[in-house]
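Have a look at the structure below before the remarks.
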Amino acid sequence: MCGTVVSNLKSRNLTGVKLLLVQLVDAEGNLLPTYEVAGDTVGAGINEWVLITRGSAARKETGQENRPVDAMVVGIIDTVTVASGMLYSKKDVERMY
Amino acid sequence: MCGTVVSNLKSRNLTGVKLLLVQLVDAEGNLLPTYEVAGDTVGAGINEWVLITRGSAARKETGQENRPVDAMVVGIIDTVTVASGMLYSKKDVERMY
Amino acid sequence: MCGTVVSNLKSRNLTGVKLLLVQLVDAEGNLLPTYEVAGDTVGAGINEWVLITRGSAARKETGQENRPVDAMVVGIIDTVTVASGMLYSKKDVERMY
Amino acid sequence: MCGTVVSNLKSRNLTGVKLLLVQLVDAEGNLLPTYEVAGDTVGAGINEWVLITRGSAARKETGQENRPVDAMVVGIIDTVTVASGMLYSKKDVERMY
Amino acid sequence: MCGTVVSNLKSRNLTGVKLLLVQLVDAEGNLLPTYEVAGDTVGAGINEWVLITRGSAARKETGQENRPVDAMVVGIIDTVTVASGMLYSKKDVERMY
């Protein structure tokens, strides 16, 4: 998650949805030049890795059923583990700052 | 948002939907060679940055439930902010004209 | 719209759906090497520019609710207009023939 | 259609669905290096051109409503015709063997 | 299937969903540099080939209806067979270890 988007003139059903700018990462954690806008339900912060769900799944949260959103941040990632070890750890990244 | 599309012979459920031609931008605000057609619910104007929602989300607005549309402009963007500062500001862009 | 597709052995719910072969165009109207098959609800003809809707939107027309189709031609485009002028006009194209 | 996929340990709602490996073709009928897995409702055979429907449309067939499938073969293509003539004919292809 | 993803701060409806990191393969079985996160309903293990279903199909399993997930592992692949023979066999791969 890397930024926020503000829109005042918008669909009434979007009122109250916090919109995030999200940048994709590859499997090594490198930032990709691909961005998208997603709603937020978990309070994600800058530089955190997040889970995004797209399509009708974005409206499965209680209270989001009628939102005209097609992407939603539904989780903050703590760890990503592969066969060779830990690929990402939120704690380790935060220790770097 | 960069243009409009007019269709007279069309599905009855499309009657009354204003169709916009929208051009995508990258994270630096450069125009990309990718366009799409989307319905409009907010009265977007030429050169404004807009929020598009795709898929079934496009029909979540009141009165749009039965429209055969798969993309809808649901907001006009005022600002896009990232860690290093403001990436886009509608006001600043308008001041340039 | 550039061709038609015929299938006799098919899902019962597809019976009576006219299937078109559609070729995509870029913003300058050049034909792209990308094709798709879509149902037709408007009687589109060869060389006409058409509006396609994808996903669940393709089944929003009356009588199409149970069709196993994921793309539908829902309009014939008359004009596409951008800030610098008219990009496409069905009438002008027809005058060329 | 170019192959089959077998899965024994699977979601209960997938039981009884025949899974095909499908290879995409371009407009000249050349095989593309893009494959996908789709369910089968029409009994497609090796080398036949098929119609695939994706997304929620894949579950529109009677009895498929609760299948966790996102792509389904819903027709076997007999002919594809464009302005300049017939692009594909199932009969002609079969005569070649 | 190549890894797992853990998220503690997440949408309530995601509670109890095991999240997998899945790497795509091409038709020759080579690993592609494309990954995605999907829920698991079948207990997939490292290096197993799996069936993924996307979109609303991901919520067709009993008990998954309200999950904000857009991709779900719904089967472990045993074999993939094409005209020229067997492309993949879970048993043969396991014999290699």
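All of the numbers you see were taken from the coordinates with simple rules; none came from a lab. None of these values were measured; they are calculated from a predicted model. All Cβ positions, glycine included, derive from the backbone under ideal geometry; neighbour counts span all protein chains shown.
Assorted remarks:
- Dipole in debye (nearest 20) - chain C, about Cα centre, beta carbon charges: Lys, Arg +1; Asp, Glu -1: 400
- Bins of 10 Å, starting at 0 and running to the largest distance - Cα pair percent for region B:8-53: 22, 49, 23, 6
- Eigen-decomposition of the gyration tensor built on the alpha-carbon atoms of chain E gives equivalent ellipsoid semi-axes of 27, 14, 12 angstrom, largest listed first.
- Of D:LYS90/E:LYS90; B:LYS60/E:LYS18; B:LYS18/E:LYS60; C:LYS18/C:LYS91; A:LYS91/E:LYS10, pairs whose Cα-Cα distance is over 27 Å: D:LYS90/E:LYS90; B:LYS60/E:LYS18; B:LYS18/E:LYS60
- Highest GNM mean-square fluctuation among C:SER11, C:SER56, C:SER84, for chain C modelled with Cα contacts below 10 Å: C:SER84.
- With N as its number of residues, the protein assembly as shown has a Cα radius of gyration that, divided by 2.2 N^0.38 Å, comes to 1.01.
- Helix-derived mean residue ellipticity, 222 nm - over the protein assembly as shown, DSSP H n ≥ 4, -39500 (n - 2.57), to 500: -1500 deg cm²/dmol
- Comparing B:VAL74, B:VAL82, B:VAL42 in a Gaussian network model of chain B where C-alpha atoms under 10 Å apart are linked, the largest mean-square fluctuation is found at B:VAL82.
- Exam field: A:VAL93 pseudo-label spacings to other copies (7 Å along Cα-Cβ), nanometres: 2.9, 2.9, 4.6, 4.6
- Rounded Å value of the spacing that divides the Cα centres of region B:1-37 and region C:1-18: 29
- Computed over chain A with a Gaussian network model linking Cα atoms closer than 10 Å, the most mobile of A:ARG59, A:ARG12, A:ARG67 is A:ARG12.
- Spin-label zone in region E:1-43 - amide nitrogen under 11 Å from a point set 7 Å from the Cα of A:THR62 along the C-beta vector: E:12-13
- Mean separation of Cα contacts under 8 Å (6+ apart) over length of region C:6-97, as relative contact order %: 24
- Here A:PRO33 yields copy-to-copy label distances, from shortest upward, of 1.3, 1.4, 2.2, 2.2 nm, the label point defined as 7 Å from Cα along Cα to C-beta.
- Modelled label reach - E:VAL93, point 7 Å along Cα→Cβ, region E:36-75 residues with backbone N closer than 11 Å: E:45-51
- Counted over region C:3-95, the DSSP beta bridges are approximately 90% antiparallel.
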